[in-house]
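*Asks:* I have a structure here, written as structure tokens, and I will follow up with some questions on it.
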Amino acid sequence: MKTLLAVGCSFTNKNYKSDEHPEMDCSWPKWPEIVGKKLGYEVVNLGTNGAANDNIMRSAQDYMAEHKVDMVCALWTEPFRLNIHDTYHANWYAYLRRDARSITGSKRYGVKTFHLNASKPLVDHIELAKRLCRTDDHTYVASEELRHIHTLDVIGKSHNIPVYHMHGCTLWKNHMYQTASVVLGDNITQKEKNEKFKMWLRAFVRSPYFSILDKQTNIYGWPLLQELEGSLYVDGGWSLGSHTWKEMQALTLKYRISDKDSHPNAPGQKIIANRFMGIIK
């Protein structure tokens, strides 16, 4: 039987459990299992809670180096997430670098620290966190995002393995606004937020990887950003369009676990699977 390798974050994790609803049974089929069943493939699901895109790419690369697979599907996560490896404790830590203050474990911002065994902040100095996360380096974050997609593509081609991509949980403009608030302060104006986002958007388009990926048909929703007329899958199947964040939350609630847990429920997982099936040759 042929093998499908699926990589991603908690949206992909076969054994995902809701922190907001610990009593809930979340054992419904996840998108890799749905796609695998449709194709008649055995599924290897490496989805991991808190995985950043660098770790998603690395997990696929490491697995492909040691095992034979016939297809790879990657559901990428938000570009502002960062994984750090703690060699001493043999743990991977994940932080949301759209808000560098979250790396301190601040209760005010309520951002969780994910890793394999225990919850313990790795870094507690905000200036170090800002440098580590490079929250205001638009060129770096944009190119890094596209580099991961391109790298996994190159690895797949070197093994003659088709690779398909989709973004699962990124609200680019919303996240960039939060990043701008960290860099410029909480009193940042809407005009300043918009300028920050435009800077990031220009960096995204000017990345050398943009023109490479622009010729490909194996990426759902490319060019990913609605501002560039892309059709990104966002937490339930729609780009923001003209809707505000709150309006979109209400529109897509039927595809989420709840208004407190935005992870895909059973219908949401089916949507992701159908999106992948639409681009698989």
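*Asks:* Can you work out ³J(HN,Hα) from phi for every residue in the stretch 40-56, in order, using Karplus 6.51 cos²θ - 1.76 cosθ + 1.60 and θ = phi - 60°, giving whole Hz and x for Gly and Pro?
*Replies:* x, 9, 6, 10, 10, 9, 9, x, 9, 4, x, 5, 8, 5, 5, 6, 4
*Asks:* Around ALA52, which amide H atoms from residues at least 5 apart in sequence, or from another chain, sit under 5 Å from its own amide H, with H modelled in the peptide plane?
*Replies:* ASN83
*Asks:* Same structure, new question: For CYS9, list long-range residues whose amide hydrogen, built 1.01 Å from N in the peptide plane, is under 5 Å from its own amide hydrogen.
*Replies:* When sequence neighbours closer than 5 places are left aside, the close amide H contacts are THR48.
*Asks:* Right, another one. Per residue of the stretch 142-148, what does 6.51 cos²θ - 1.76 cosθ + 1.60 with θ = phi - 60° give for ³J(HN,Hα)? Whole Hz please, x for Gly and Pro, Karplus curve as stated.
*Replies:* In residue order, the calculated couplings are 5, 5, 4, 4, 6, 4, 4 Hz.
*Asks:* Counting other Cβ atoms within 10 Å, keep those with at most 12, restrict to DSSP loop, and tell me which GluC sites (Glu not before Pro) in the stretch 18-60 are left.
*Replies:* Working: sites: GLU20, GLU23, GLU33, GLU42; in loops: GLU20, GLU23.
Qualifying residues, ordered by number: GLU20, GLU23.
*Asks:* Evaluate the distance, in nm, between pseudo-label points positioned 7 Å from the Cα of MET277 and of GLU23 along their respective Cα→Cβ axes.
*Replies:* In this crude label model, MET277 to GLU23 measures out at 3.5 nm.
*Asks:* Tell me, what is the FRET efficiency for LYS191 and LEU228 to the nearest 0.05, using R0 = 22 angstrom and their Cβ-Cβ distance as r? Walk me through the numbers before you get to the answer.
*Replies:* Working: r = 21 Å, r/R0 = 0.98.
Efficiency for this residue pair is about 0.55.
Quick note: the coordinates plus some simple rules give every number you see, no bench work behind them. Because the structure is a prediction, the values reported are computed rather than measured. Methodologically, a virtual Cβ is constructed for each residue, glycine included, from the backbone with ideal geometry; neighbour enumeration extends over all protein chains shown.
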